[in-house]
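Everything on this sheet refers to the single structure shown next.
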């Protein structure tokens, strides 16, 4: 098994929530984490061997470009009490007939942990791996009520897209 360190700046977490007026997009590139995996000669993960990983992002790093929106989202997320969001992959397996994989993941946000399964794509190129995936969460599952910003009403579903670039550790 090889350990790969997530490269901040090259990796990103993107969010999208719908509102009564327009979608609200957020992005964080201050991402840290580790991917642990073994690969065959063709760069495919050997999922029968030990594997896993984790990713962590500071909640304050998620920015929409709108200061008022960011402040309200951070207030709702209680960043002083719950400063990070953490994803952990505990198991993965191939999705038959595709170049995709499915992972068992737990995410901890706002002091609550939720488990889910989702498909992702994982590619290795030399000493670098790239992982892409997305999942839609309901913020209420984490004890966060959707904000109202002036007359703007925000829906509770948050689509999270993850792109991790990780480099092999020495």
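The values are calculated or read from the model by the stated rules, or taken from the named source; none is laboratory data. If you're wondering where the values come from, they're calculated on a predicted model, not measured in any experiment. All Cβ positions, glycine included, derive from the backbone under ideal geometry; neighbour counts span all protein chains shown.
Data overview
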{"quantity": "Tabulated pairs, the range 30-55, first closer than 11 Å to residue 89 by Cβ, second at pLDDT below 90 and not in a strand (DSSP E or B), C-beta under 6 angstrom, 6+ apart or interchain", "calculated": "36/1"}
{"quantity": "Lone qualifier among 63, 18 - being within 25 Å of residue 152 (Cβ to Cβ), more than 13 Å from the chain's Cα centre (by Cα), free of Cβ contacts under 8 Å to residues at least 40 places away in the same chain and surrounded by 14 or more Cβ atoms within 10 Å (Cβ to Cβ)", "calculated": "63"}
{"quantity": "Residue satisfying all of: in the range 139-170; touching a helix residue (DSSP H, G or I) at 6+ places or on another chain (Cβ under 9 Å) and part of a loop (DSSP other than H, G, I, E, B); modelled with the lowest pLDDT among these", "calculated": "150"}
{"quantity": "Among residues of the range 113-126, those that are touching a residue at least 60 places away in the same chain (Cβ under 8 Å) and in contact with a strand residue (DSSP E or B) (Cβ under 8 Å, 6 or more places away or on another chain), counted", "calculated": "3"}
{"quantity": "Top-ranked residue of the range 32-43 - restricted to ones that are touching a strand residue (DSSP E or B) at 6+ places or on another chain (Cβ under 8 Å) and assigned to a loop (DSSP other than H, G, I, E, B), ranked as modelled with the lowest pLDDT", "calculated": "43"}
{"quantity": "Residue in the range 78-101 that is closer than 19 Å to residue 142 by Cβ, touching a helix residue (DSSP H, G or I) at 6+ places or on another chain (Cβ under 8 Å), modelled with pLDDT under 95 and not in a strand (DSSP E or B) present", "calculated": "no"}
{"quantity": "Selection count where residues are surrounded by 15 or more Cβ atoms within 10 Å (Cβ to Cβ), within 21 Å of residue 32 (Cβ to Cβ) and over 13 Å from the mean Cα position of the chain (by Cα), scope the range 131-170", "calculated": "3"}
